[in-house]
Structures are given as structure tokens and as C-alpha cells.
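Inspection log for the structure reproduced underneath, given as C-alpha cells.
Only the coordinates and a few stated rules stand behind these numbers; no lab work does. Because the structure is predicted, anything quoted here is derived from the model rather than measured. Here the Cβ positions follow ideal geometry from the backbone for every residue, glycine too, while neighbour counts run over all protein chains shown.
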Amino acid sequence: MYAGSRSWPGGFVPLGAAVMAGARPAPPRAAVPEPFPGEAALVERARTDAAAFGELYQHYAPLIYRFIYNRLRERATAEDLTSEVFYKALRAIDRYHPPTPFGSWLYRIASNTTIDHLRTRHPASNLDDMGEQADRQPPVVEQVVNRSQAARVWAAIDGLQEAQRTAVSLKLGQDMHTADIAACMGRSEGAVKLLIHRGLAGIRRQLGAAGGAEEAAG
């Protein structure tokens, strides 16, 4: 394991310089990325080899940044938290154990780091008392027809309970499959499905309330 210094090992540079200076995060993928060829061996080397960890950083940093940015929509903060995620991963890599995918492990760290940040910024709303009855309204994505509505959807997501916010962000922002979200969050698929259902119901409720207020104001 490396020394406790916060300086980056292996010659790789923080996200703001390495990714945001020229490259843009890759387009959304439908799942946690599959391990790339040679990843398992690289992860093992990264336990003692800073340069190997740097290669993992270069591969995963844009994906982790996109996940955090989709949660916060604050570029500078997302960059800072992405660096924090990899610093935590660097210090905790001895606690990573296959067969859990390395990418899922990183997403879990990113989710916890983002939640910690949001907890310090403002207390999360509690929507656990929402009903579980079937929701026959159109999917949320069908309501997003322009940027204004998209902004309203993400504002509604910000008001969800923390676990719901994480699950819905991974579903809508990353377009992940339920199994991959479950792996990232360390929960069962059934629990994730319930979180998404409740989260989407809460979003529709907030969007409906906002729409009614606009009509009344008009």
C-alpha cells in the first residue's frame, strides 16, 4: 500500500486537468462498464504499484465524474469529489476483493461520497411514507421534452430521500440496469426496484405540483 500522502501517484493528474481540459465524459452506457482486458491483473498490481493505479484512474475517472455530475450538476464540485473518490479508493484498495467488479466498487464509493457531500449541504427529504400503489402515469422521461423540464426533473430528484436519489440518478443519469445499480449500492435488486418506483412516484408528484402552481400563477 502507498504512503498516506494526498499527492497523486504514478504521474497521473487530477480530473480537472486530465479529463476536463480537453476530453468530455463518454456518453451514457447501459450498465456498469465491463472489466477491460487485463483489468484484474492491473487491479492486483495497483495494490502496490502507483502507476498501475494511475491506469485505472485514467479509465474510470470520466465515468465516475459523469455519475457525480449527474447528481450535483456542479462541475467544480464534481471534479473535487471525483478526486476524493479515487483518493479513498487508493487508500482502501487493500479492502477491495473480487469477484465484485472494480467498477461497481468505485461507484459505491462515489455514491457514498456524494451522499456525504449532500448531507453536509442540506438535510435530505424523507419520502419513505410514500405509497407503493401502482403508478399508471407516463414515464418521467416522457415528460422531459426540453431543458426547462429536464432541470425541473433533476430539481425534483434532489428532493428525494438519499437512497432513492442514488437509485434514480443511476437509472436516469447513467441508464444502468437494475442489477448494476444493486451492485453499486450494495442492495438487492428488489430493494432497488422499490427505491426507483418510490423515487419516480415522488418526482411525478413534485412535477405535478409545480405544474399546478404554474397554471394557477398564469
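Of the GluC sites (Glu not before Pro) found in region 53-105, those in coil by DSSP whose Cβ has at most 13 other Cβ atoms within 10 Å are Glu74.
Compared with the direct C-alpha span, the chain from Asp94 to Asn112 gains 4.6 nm at full extension, assuming 0.36 nm per residue.
Sorting 62-72, 188-198 by their mean Cβ neighbour count within 10 Å, with the most densely packed peptide first, gives 62-72, 188-198. Highest average first, the peptides 152-163, 42-53 ordered by how many other beta carbon atoms sit within 10 Å of their residues are 152-163, 42-53.
Between Ser188 and Phe36, full extension at 0.36 nm per residue minus the direct alpha carbon distance yields a gain of 52.2 nm. Computed from the Cβ-Cβ distance with R0 of 35 Å, the FRET efficiency linking Ala51 to Thr77 stands at 0.80.
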